[in-house]
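Asks: Got a structure for you, written out below as structure tokens; questions coming shortly.
The values are calculated or read from the model by the stated rules, or taken from the named source; none is laboratory data. Computed from a predicted model, the values in this text were never measured in an experiment. Here the Cβ is made from the backbone with ideal geometry for all residues, glycine too, and neighbour counts use every protein chain on show. Just so you know, the surface numbers come from the protein's heavy atoms only, side chains and all, with ligands and any DNA or RNA stripped out. Shrake-Rupley method; radii C 1.70, N 1.55, O 1.52, S 1.80 Å.
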Amino acid sequence: MSDKRWAAVLGLLFLSFLYLLFQFMSSTYRNQALIRQLSETETGASSKPHVMLISQELDNPYWRMIEQGARDAANRLGIALEYVGPLRINTEEQTMLLEKAIAAKVDAILLQGIHSIAYTRLIDQAVAQGIPVITVDADSPDSKRLSYVGTDNYESGRRLGEIVAEAGRAFSDRPVTKIGVLIGSNLAENQTLRLDGFRSVISRHRSLQIVDVRVSNISRIEAAQKASEMLYLHPDIAIIVGMSALDGAGILQAAKSSGRDDVLIFGFDDIEETKQALARGEIEATIIQKPYRMGYDSVSIIHDVLEGRSAPARHLMDTEVLTKDGIRLE
Ligand code: BGC
């Protein structure tokens, strides 16, 4: 090969080498930039306090409202909020989620209280390990939780009792007005307190009698089944009340399918179905809680605690009554 050809081959080899070197360096640079970006995101996330919110049921519309309030406060205050819960009401799963939160060493826990010794012990364990716990919607008063954020449940049950007692006057021709009651769960303190408050009023009226109390497991379908059973066993029931968010709609379904449009129905909360039934005059009244504010305020309080400020032992919010005539009573 002539010298010229050799020079051309060497020149080409050198250019290919330069091209490969350039490719190698620019891909190394791109990789490093990506790694930097990822680790910045990670440090950013971990520099925010990690707060876990454990609900009673993940997709329940009432809990989704609590989640929304909690997310809005978390975004405003720079908190990384993780919302979890069983797909269907399940206290064992709630307990497992609490165990997981403690094992993951989250910075704080917001959760629904349950009547359970194991759960109470776990709350105390979290607190002993320096993880502050706030109960939301239902309390665990025997635990070392820092604060309870939610409705005054005894009072709200009493309020429902007053409204039902007033409505009971429509049956003054009967010696007794029979009442059926659905509660969402007997392991949730909010439900048992509502029932106690309700009973405290009804028991003062000799003409009113609670003839049946059943558990709906916070499910509209189960509420419908339980209400149908009540209507079958006590055909002269005049009033049925439901103490958790989906009970009103379930009772209405049962009344319709049993051909009992004379039964007066009272419910809790203002999920869409209840609002529509009220507007059609099929539900007499509902007690409205403030789930969005429960979420918002519980995150704000935990933020204060994480910043070294104190928390009130109870942060209660009022209820309102919405009647079928569209009247809102404070
Ligand atoms: C109760 C919650 C419950 C929800 C169920 C509400 O009235 O306060 O504890 O999870 O109903 O639908």
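Asks: With springs only between Cα atoms under 10 Å apart, run a GNM on the chain and tell me which of LEU306, LEU13, LEU77 wobbles the most.
Replies: Among LEU306, LEU13, LEU77, the largest mean-square fluctuation in the Gaussian network model of the chain belongs to LEU13.
Asks: Taking only DSSP H segments of four or more residues, each worth -39500 (n - 2.57), what value at 222 nm results for the chain once the sum is divided by all its residues, to the nearest 500 deg cm²/dmol? The partial results should precede the final answer.
Replies: Values: 10 runs with 166 residues, N = 330.
Result for the chain, helices only: -17000 deg cm²/dmol.
Asks: So, one more: With Cβ to Cβ distances under 11 Å as the rule, what net charge do the other residues near LEU306 carry (K, R +1; D, E -1)? Walk me through the intermediate numbers first.
Replies: Working: positive: LYS48, ARG309; negative: ASP107, ASP304, GLU307.
Value of the local net charge: -1.
Asks: Any idea what angle helix 91-103 forms with the longest principal axis of the chain, computed on alpha-carbon atoms, 0 to 90 degrees, nearest 10?
Replies: Helix 91-103 sits roughly 40 degrees off the main axis of the chain.
Asks: Would you please state which residues of the range 233-260 a label at ARG174 would reach in this model, taking the label point 7 Å out along Cα→Cβ and a backbone N cut-off of under 11 Å?
Replies: Under 11 Å, as judged by backbone N against the label point of ARG174, lie 234-240 of the range 233-260.
Asks: Once both axes come from the Cα atoms, what is the angle between helix 291-306 and the longest principal axis of the chain, in degrees from 0 to 90, rounded to 10?
Replies: Helix 291-306 sits roughly 50 degrees off the main axis of the chain.
Asks: Pull out the extension gain between ARG204 and GLU162, defined as 0.36 nm times the separation in residues minus the alpha carbon to alpha carbon distance; nm, one decimal. Walk me through the intermediate numbers first.
Replies: Details: separation 42, 0.36 × 42 = 15.12 nm, distance 1.04 nm.
Once the chain is fully extended between ARG204 and GLU162, it gains 14.1 nm.
Asks: Another question about this same structure. Students often check this: by mean Cβ neighbours within 10 Å, which of 226-237, 139-150 ranks highest, and how do the rest follow? Before the final figure, lay out each step's value.
Replies: On the way: 226-237: 17.9, 139-150: 21.1.
Sorting 226-237, 139-150 by mean packing, highest first, produces 139-150, 226-237.
Asks: Send over a whole-number figure in Å² for the accessible area per residue of the chain, probe 1.4 Å.
Replies: Normalised by residue count, the accessible surface of the chain is 50 Å².
Asks: A further question on this structure: For LEU233 paired with SER310, estimate the spin-label separation in nm (one decimal), with each label point 7 Å from Cα along the Cα-to-Cβ line.
Replies: It works out to 4.9 nm between the two label points.
Asks: Compute, for the chain, the length of the dipole vector about the Cα centre, with Cβ point charges of +1 (Lys, Arg) and -1 (Asp, Glu) only. Units Debye, rounded to 20. Provide the component values of the computation, followed by the final result.
Replies: Numbers: 36 positive and 43 negative charges, 143 e Å.
Once rounded to the nearest 20, the dipole reads 680 debye.
Asks: Under the 0.36 nm per residue contour assumption, what length would be gained going from the current alpha-carbon distance of ILE221 and ASP196 to full extension? Working shown, then result.
Replies: Values: separation 25, 0.36 × 25 = 9.00 nm, distance 2.47 nm.
Net length gain for the segment: 6.5 nm.
Asks: Once you keep just the Cα pairs under 8 angstrom separated by 6 or more residues, what percentage relative contact order results for the chain?
Replies: Computed value for the chain: 17 percent relative contact order.
Asks: Same structure, new question: For the chain, with a Gaussian network of springs between Cα atoms less than 10 Å apart, report the residue from PHE198, PHE17, PHE268 with the top mean-square fluctuation.
Replies: PHE17
Asks: Picking from LEU246, LEU182, LEU87, which is most flexible by a Gaussian network model of the chain using Cα springs under 10 Å?
Replies: Judging by the Gaussian network model, the answer is LEU87.
Asks: Going by average Cβ neighbours within 10 Å, how do the peptides 49-56, 310-317, 155-162 rank, with the highest at the top? Mind showing how you got there, number by number?
Replies: Details: 49-56: 23.8, 310-317: 13.5, 155-162: 21.8.
Answer by packing, highest mean first, reads 49-56, 155-162, 310-317.
Asks: Still on this structure, I have one more. Output the pairs from LYS226/LYS324; LYS144/LYS324; LYS178/LYS290; LYS105/LYS275 with a Cα-Cα distance over 32 Å in this structure; if there are none, say none.
Replies: LYS144/LYS324; LYS105/LYS275
Asks: Place a point 7 Å from the Cα of SER257 along the Cα-to-Cβ direction; which residues of the range 194-231 have their backbone N under 16 Å from it?
Replies: 216-217, 219-231
Asks: Residues with beta-carbon under 12 Å from that of ILE79, excluding ILE79: net charge, scoring Lys, Arg +1 and Asp, Glu -1?
Replies: After counting each charged neighbour, the total is -2.
Asks: Using only Cα atoms, find the angle between the long axis of helix 153-168 and the longest principal axis of the chain, and express it within 0 to 90 degrees, rounded to the nearest 10.
Replies: 40 degrees
Asks: In straight Cα distance, which aspartates and glutamates are under 13 Å from LYS256, not counting same-chain residues fewer than 8 positions off?
Replies: Within reach: GLU282.
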